[in-house]
Amino acid sequence: MTPAPSARSVGPILEVAGLHVAYGATKVLHGIDFTVEAGGITTILGANGAGKTTTLRAVCGMVPPHGTVCFDGRRIDGLATEEIVRLGVGHVPEGRGTFVGFTVEENLRLGAYVRRQREAVAADLERAYAYFPVLGARRRQTAGTLSGGEQQMLALARALLLRPRLLLLDEPSLGLAPRVVQDIFRIVRTINERERVSVLLVEQNAAIALGLADQAYLLETGRVVRSGPASELRQDDAVRRAYLGY
Amino acid sequence: MRSALRLLGSGALLVVAVLLPFVLSGFRVFQFTQIWVYAMVLLGLNLLTGYNGQISLGHGAFYALGAYTTAILIDHFGVPYGWTIPAAGAVSFVVGFLFGIPALRLEGLHLALATFALALSVPQILKYFDSWTGGSQGIVLSKPRAAFGLTLGPDQWLYYVSLAILLILLALTRNLLRGRPGRAIVAIRDNPIAARAMGIDVALYKSLTFGVSACYTGIAGGLGGLAVAFVAPDTYNVFLSITFLVGIVVGGLGSIAGAIFGALFIQFVPNYAQEISKAAPWAIYGLFLIGFMYLMPRGVAGFFREARRRRSSGARADTEAPFTSEGGHHAEA
Amino acid sequence: MDTLLQQIVSGLATGAIYASLALALVMIYQATEILNFAQGEMAMFTTYLAWSMLKAGLPYWMAFAATVVVAFVGGLLIERVVIRPVEQASVLTIVIVCIGLLVILNSLAGWIYSYIIQPFPSPFPKTPLRIGGIVFGLHDLGVIGVTLVLLCLVYAFFRYTTLGLAMRAAAQNPASSRLCGIRVGWMLGLGWGLAALVGSVAGMLVAPVIFLEPNMMFGIQIYAFAGATLGGITSPFGAVVGGFLVGVIENLAGTYVPLIGTELKLTVALGIIILVLLVRPRGLFGQAVVRRV
């Protein structure tokens, strides 16, 4: 399934306005706004508990969002997760979400489940193995036996097999060695540049996130406290002190 | 003011209950005796399943145990019926407690399955030991005559005996649930691991609850057998256990008063539905089981309680604890 | 005088029925963690539908095929309409709904078809097969054969097709499946549909032996549960093995243990269930259940 031509050729691919999310009686997001430009990389930074993961989960419908979530000009708040995914939103969740009982190849095939053209899927499978050679070497292995870094790559590859137009990444650096993190981020940049996949990246590791992204938002206890081009936030004093360590 | 009204209401109902046998025909009196008997079963089953969270689809087995204990003691040993009822209760308590011990190791679904299998086996087991149980023919009993020189017919006498025992069991259960054992029992249902961490002997409580629940049901079984004056294996089939389940669902899981609502339901619905067709009562039971789970998970009594609670502001912690719909068997990441 | 071999074959034939129904139970349990107490009644009801078709003059294999399709659709609808509202509810709620379903199907069958016991035809000829001096019933052998074919087809479906993979994924990890665009709800419905399909075959195969009446599947279902418990409620392979084992045990115990005879057969099922749940709850092939605190 090649992605349908965009409704608009410029402008944001994702627009979120006034997003409130509560878990039962606990309010986690207090009305946040952000956008992801088509073909761009936006990052949402923040400490633990700021509400970053909740934001991604709200965008893809895993928790009920209150407010407006527009994907490519179309309201998706209120849709079921699987329907949002079918519109072209790939999500690499916190905790990877790999099917641990299935092989690497089965995991990837599941990522391509909604696509119809067999040859395109087969080609994409080979491309995934090209991006992530370690997955290629282990394609018949059960996913549960992979290391943390390999599972992260598997989760990313699986999301890419959807041929998404927007990729949501939830803390991809968590628990991984710096070298592996660099590899993954390099691949994300390549995919963004080559395939024009827009990216919404949620990260605790502000340094590396700001190195990759165009736009950045800083989230603190459910509110956006800073926003702007990534280059600006990198120079911002408060950000530097709190998140960049200097 | 409100509790005074409730007391007045209960008192009025009690007066009505006492006067009924003088107003109704013999058959109706028998039907109401059966209602008191069913209410005892539902009280016991609710204690186990509604309050303590142990699912039993096999309480017909304890009902049969009580009935046959009574029948065998009267028929084989000539024991006066008055002693057979406590005996039925005692035997059922012991068996229930012993069953409760292995049941500790069974989770909700598995316990439901084991008790379901138990319910299915009962008629076969009863027919097998036919030298004691009289096999398929069963045992015929005679209805006991009124004691203390009261001028009551056997139906009316049994009515009052059952009503009295029901009232005693109601009072006992209310006291049990209002005190520490009650809170322990409910805590075990809601979160067994937390309960154990708080120092509650979960194993002991669960087995004891099983025993007490079986005891109530056994007493009811004995009285039921006397009321019908006959015990036979095919009466105590799996459908009886399911009937009891219907009773606590309609009456209210986790409600004491619900035992009476439920008993009224399971006594009268078959009577009227059977006019439509032999299959109708069960179709109705099935629809009610499913319907209540969708609409009124807490049964009729719970529905009224919710209505009262919504009218008065502020929720009061009740030992008639609302039946939580959190089984705790799904761990969300 | 029946030899041991004949008893074993006979046991395998009943075991085939138990194995099919046990597989149906396990498929549903794997997908939704529900023990479908109404599985037997669903099979009974579809068998009655087949009987109606046969009475209307349809040839056997046409009625068989139509019944299997109706069973699939029926199972799917039951999951989507009846079970879906309570999917996330407590164990007790779901048990009650399944019992409600059991009772409705049972009474519906009784109302439409009455409680009179009816004969149901077998597609296999009545002439016995003689192999090396031992006599076997063709129906028994036919049941074993059809069941094995069915089980192989189900296995192949889950193992080699994309839909089968998606269904397994939806059962194992619904959240991640959604992230792949899999409509998990419909996968569960398909699972129930397939389970009902398998159950309907079991019903039509066993009806010639035990005769058609609304309560016919009670004993069979409890044996299927015993088989699934013995084999492991989390393992389809285990369920099938367990079903066959239980069939053989039931037959041998009934023949060679005079205490049990034919009168205590249901108690044997009860005994197996309780024994397994106490000694090794996960069964022979199941996975150990880890309770997360």
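Throughout, read-outs are computed from the coordinates displayed, never taken from laboratory work. Everything quoted here is computed from the prediction, not taken from an experiment. Cβ sites come from the backbone with ideal geometry, for glycine too, and all protein chains shown count toward neighbours.
Where does helix C:265-279 land angle-wise versus the long Cα axis of chain C, in degrees 0 to 90, nearest 10?
Long axis of C:265-279 versus the principal axis of chain C: about 40 degrees.
Need the list of lysines near residue A:27 for cross-linking: C-alpha distance under 20 angstrom, and skip anything on the same chain fewer than eight residues off.
In chain and number order, the partners are A:52.
Once label points are set 7 Å from the Cα along Cα→Cβ at both residue A:237 and residue B:14, what is their separation, rounded to one decimal in nm?
Rounded to a tenth, the inter-label distance reads 7.9 nm.
Placing one identical point scatterer on every Cα of segment C:125-184 and ignoring solvent, what is log10 I(q)/I(0) from the Debye formula at q = 0.12, 0.17 Å⁻¹?
Calculated log10 I(q)/I(0) at the listed q: -0.51, -0.66.
Of all DSSP beta bridges located in the protein assembly as shown, what percent are antiparallel, nearest 5?
Antiparallel bridges make up about 60 percent of those DSSP assigns within the protein assembly as shown.
So if R0 is 25 Å, what FRET efficiency would residue A:83 and residue A:26 give, r being the distance between their Cβ atoms, rounded to the nearest 0.05?
It comes to 0.40.
Where in segment C:202-219 does the label zone of residue C:55 land, with the point 7 angstrom along Cα→C-beta and an amide N cut-off under 17 Å?
From segment C:202-219, the list is C:204, C:207-208, C:211-216.
Normalised radius of gyration for the protein assembly as shown, please: alpha carbon Rg relative to 2.2 N^0.38 Å, two decimal places.
Values: Rg = 31.6 Å, N = 872, 2.2 N^0.38 = 28.8 Å.
Rg over 2.2 N^0.38 Å, computed on Cα atoms: 1.09.
In nm, what is the difference between 0.36 nm times the number of residues separating residue A:187 and residue A:226 and their Cα-Cα distance?
Numbers: separation 39, 0.36 × 39 = 14.04 nm, distance 2.74 nm.
Gain on stretching residue A:187 to residue A:226: 11.3 nm.
In which sequence would B:241, C:235 go, from the one with the fewest C-beta neighbours within 10 Å to the one with the most?
Sorted ascending by nearby Cβ count, the order is C:235, B:241.
What ³J(HN,Hα) values, in whole Hz, does the Karplus curve 6.51 cos²θ - 1.76 cosθ + 1.60 give for segment A:34-39 when θ = phi - 60°, with x put for Gly and Pro?
6, 9, 10, 6, 4, x
Could you tell me how many degrees, from 0 to 90 and to the nearest 10, lie between the Cα long axis of helix C:60-77 and the main elongation axis, the longest principal axis, of the Cα atoms of chain C?
Long axis of C:60-77 versus the principal axis of chain C: about 30 degrees.
Starting from the alpha-carbon convex hull of segment C:194-265, give the projected area averaged over all orientations, in nm².
5.2
Please work out the Cα center distance from segment B:109-130 to segment C:112-152, rounded to the nearest Å.
If we compute the Cα centre of each part, the gap is 29 Å.
Restricting the calculation to Cα positions, tell me the Rg (one decimal) and the Dmax (whole number) of segment A:1-158 in Å.
Cα radius of gyration and Dmax of segment A:1-158 are 17.1, 49 Å respectively.
How do B:215, C:180 line up, fewest other C-beta atoms within 10 Å first? Don't skip to the end; give the middle numbers.
On the way: B:215 26, C:180 29.
Ascending number of Cβ neighbours within 10 Å: B:215, C:180.
Report, to the nearest 10°, how far helix C:236-256 tilts away from the longest principal axis of the Cα atoms in chain C, using its own Cα long axis and a range of 0 to 90°.
30
Compute for chain C: radius of gyration divided by Kirkwood radius, i.e. Rg/Rh, restricted to C-alpha atoms, rounded to two decimals.
0.97
Given a Förster distance of 35 angstrom, what is the FRET efficiency for residue B:5 paired with residue B:168, based on the Cβ-Cβ distance and rounded to 0.05?
The computed FRET efficiency comes out at 0.90.
Cα centroid distance between segment B:154-225 and segment A:203-222, in Å?
Their Cα centres are 59 Å away from one another.
Run through every distinct alpha carbon pair of segment C:1-157 and return the Kirkwood hydrodynamic radius in angstroms, one decimal place.
Numbers: mean 1/r = 0.0563 Å⁻¹.
Evaluated on segment C:1-157, it is 17.8 Å.
Say each of residue B:198 and residue B:277 gets a label point 7 Å from the Cα, pointing the same way as Cα to Cβ; how far apart are those two points in nm?
5.0
What number, in percent, do you get for the relative contact order of chain C if the mean sequence gap of Cα pairs under 8 Å and at least 6 apart is divided by its residue count?
On the way: 451 pairs, mean separation 102.8, N = 293.
Relative contact order, chain C: 35 percent.
For chain B, state what percent of all Cα-Cα pairs lands in each successive 10 Å bin, counting from 0 Å until the bin that includes the largest distance.
Cα pair-distance distribution for chain B, in percent: 6, 25, 35, 24, 9, 1, 0.
Cα extents of segment B:37-85 along the three principal axes, largest first, in whole Å?
In descending order, the Cα extents are 39, 17, 14 Å.
Roughly what would the spin-label model give for residue C:211 and residue C:116, points 7 Å off Cα along C-beta, in nm?
So the two model labels end up 1.3 nm from each other.
In segment C:7-31, which residues have a backbone nitrogen under 14 Å from the label point lying 7 Å from residue C:155's Cα in the Cα-to-Cβ direction?
The answer is C:20, C:23.
Could you list A:240, C:159 so that the one with the fewest beta carbons within 10 Å of its beta carbon is first and the one with the most is last?
Sorted ascending by nearby Cβ count, the order is C:159, A:240.
In segment C:228-270, what chymotrypsin sites (Phe, Trp or Tyr not before Pro) fall in a loop by DSSP, with at most 10 other Cβ atoms inside 10 Å?
For chymotrypsin sites (Phe, Trp or Tyr not before Pro) across segment C:228-270 that sit outside H, G, I, E and B with at most 10 neighbouring Cβ atoms in 10 Å, the list is empty.
Using modelled backbone amide H atoms (1.01 Å from N, in-plane), which distant-in-sequence or interchain residues come within less than 5 Å of residue A:77's amide H?
A:69
Show me the helices of chain B, taken as full DSSP H stretches, that run 27 Å or more along their long axis by Cα and average -1.0 or above in Kyte-Doolittle hydropathy.
Flagged H segments are B:2-23, B:26-45, B:81-103, B:108-128, B:154-178, B:202-228.
Longer than 31 Å from Cα to Cα, which of B:127/C:126; B:278/C:265; B:278/C:55; C:55/C:126; B:143/B:278 are they? Say none if no pair is.
Values: B:127/C:126 34 Å; B:278/C:265 28 Å; B:278/C:55 24 Å; C:55/C:126 20 Å; B:143/B:278 29 Å.
Table pairs above 31 Å Cα-Cα are B:127/C:126.
Using the Karplus equation 6.51 cos²θ - 1.76 cosθ + 1.60 (θ = phi - 60°), what ³J(HN,Hα) coupling, rounded to whole Hz, does each residue of segment A:198-210 give in order, writing x for Gly and Pro?
6, 10, 10, 10, 10, 8, 8, 7, 5, 4, 6, 5, 5
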